[in-house]
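Encoded as structure tokens, the structure appears first; notes follow it.
The values are calculated or read from the model by the stated rules, or taken from the named source; none is laboratory data. A quick note: this is a predicted structure, and the numbers were derived from the prediction, not measured. Ideal geometry is used to build each Cβ from the backbone, glycine not excepted, and the neighbour counts take in all protein chains shown.
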Amino acid sequence: MQIRHCTEKSNVDDSMLIIDPLQIRHVIVKFGKLSSISGLIEPKSHLNLDYPYHLVRQCVVAQKFEVGSKIEIYDGGLVFAELNPSNYKHYGKYDYTQNLQNMITAVNKIRNPNPDPNPNLDPNNNTNNLESHDNNVSIDNKT
């Protein structure tokens with residue numbers, strides 16, 4: 001099961017409201033445990049009243065932000081905490097698409113810090129020669 005937003009149990013009050021919304025992360029849950037954890041949410045996209053498409057509304061509750069940590073389950077269902085409406089603010093227009101592209105670029109740089117500028121060219125293969133020499137070309141200029 002994939003879950004987008006999660007908070008730690010220590011970040012939830014007795015009313016099941018999230019204490020600090022900046023301590024929310026994206027996670028993946030499998031078999032009732034955290035299997036993957038990302039960084040903290042971006043307030044400009046997740047708490048921005050000017051960008052309502054990606055607001056955090058609810059979070060599953062984990063014991064801790066550690067891979068393998070259990071998710072709170074009650075009566076056969078996941079336990080959710082909610083945000084207090086006062087946690088949302090107007091941050092202005094947000095370009096989620098550009099932010100996503102920046103994130104993908106940053107992740108690719110981390111995964112491959114020294115990319116080959118010509119990944120399809122093998123320096124030991126003469127068939128990669130970029131110049132074409134065709135001696136049988138004729139140009140007919142009819143005017």
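Summary of values
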read-out: The range 91-114 residues that are touching a residue at least 12 places away in the same chain (Cβ under 8 Å), paired with ones that are of a type in the set (S, T, N, Q) (beta carbon under 7 Å, 6 or more apart); value: 91/48; 94/45; 94/48; 96/45; 99/45
read-out: Residue match in the range 61-76 (condition: within 17 Å of the chain's Cα centre (by Cα), hydroxyl-bearing (Ser, Thr, Tyr) and in a strand (DSSP E or B)); value: no
read-out: Residue match in the range 46-60 (condition: touching a residue at least 24 places away in the same chain (Cβ under 8 Å), crowded, with 17+ Cβ neighbours inside 10 Å and charged (D, E, K, R)); value: no
read-out: Residues (hydroxyl-bearing (Ser, Thr, Tyr) and either loosely packed, with under 10 Cβ neighbours inside 10 Å or in contact with an Asp or Glu (Cβ under 8 Å, 6 or more places away or on another chain) (or both)) located in the range 82-104; value: 86, 91, 94, 97
read-out: Answer from 109, 93 - the residue that is at pLDDT below 90, outside any loop (DSSP other than H, G, I, E, B) and of a type in the set (Lys, Arg); value: 109
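A quick yes/no check of all residues on (1) small (Gly, Ala, Ser); (2) touching a residue at least 12 places away in the same chain (Cβ under 8 Å); (3) exposed (fewer than 15 other Cβ atoms within 10 Å of the Cβ):
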| position | (1), (2), (3) |
| --- | --- |
| 3 | no, yes, no |
| 7 | no, yes, no |
| 14 | no, no, yes |
| 24 | no, yes, no |
| 40 | no, yes, yes |
